[in-house]
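K.L.:
My questions all concern the structure below.
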């Protein structure tokens, strides 16, 4: 179920008359209603079908409907001498080319305070299951409509199960055993984590120390490396192949080869 909310202003104007009831109460002329601010009448009528006001049942006409707004206001005018709550239902139109049914009316409550000359209050009305097209048109026509935030669900309190007195000791023993095993397991895991962290820290420290020593240079190590290089050079020289005597005799000037044919 999708819910949206839009802002609307409830208001009232109360003026005392010269008439007085037999009980001594002064009769007042009042107006009350809702207002959609900064929305033109033509655009407003494309969204809102009518606004229904439900008054105290002692009024001659306790349910009144207003279909045409006056400068963004839907209002009624009556006379009375007491304060009472007014229920306001906002009905929405089915949008053009919209197959979805219109949403439920948005309900507001305004308490008419007969002793307050002027009052105005901005409230949020809830729109339940509106069609996508209706929401888009409301936004297009400058309605302050937005998705209603969901209330966080309270965690249900766990119900305590009644334990049979005969089985109470056995169940309690199982619970205590389970708790001890879990605590022991957690303690061992924390201990292993501590050891792993310590080893990782030492390995990191050793690696850093080795890297620093390589950068700074070690004289003994450099001397050893030079000696190893010299030994490797001697071995390569000793293993270098020599030219054969036959080849030398052939190339030596003034000496003829032994197996040269006449």
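K.L.:
Give me the extension gain from residue 49 to residue 178: residue separation times 0.36 nm, minus the current Cα-Cα distance, reported in nm with one decimal.
P.N.:
40.0 nm
K.L.:
Sticking with this structure for a sec: What FRET efficiency, computed as 1/(1 + (r/R0)^6) with R0 = 35 Å and r the Cβ-Cβ distance, is obtained for residue 150 and residue 113, rounded to the nearest 0.05?
P.N.:
Between residue 150 and residue 113 the formula returns 0.60.
K.L.:
Same structure again: What order do you get for 56, 110 when you list them from fewest to most C-beta neighbours inside 10 Å?
P.N.:
Going from sparsest to densest Cβ surroundings: 56, 110.
K.L.:
Could you line up 53, 59 from fewest to most neighbouring Cβ atoms inside 10 Å?
P.N.:
59, 53
K.L.:
Under a plain spin-label model, where a point goes 7 Å from the Cα along Cα-to-Cβ, how far apart in nm are residue 27 and residue 7?
P.N.:
Once both label points are built, they end up 3.9 nm from each other.
K.L.:
Sort 1, 45 so that the residue with the fewest other Cβ atoms within 10 Å of its own Cβ comes first and the one with the most comes last.
P.N.:
Ordered from fewest to most neighbouring Cβ atoms within 10 Å, 1, 45 come out as 1, 45.
Every number here is computed from the coordinates shown, using simple stated rules; none is lab data. Note that this is a predicted model, so its numbers are computed, not measured. Note that each Cβ is placed from the backbone with ideal geometry, even for glycine, and that neighbours are counted across all protein chains shown.
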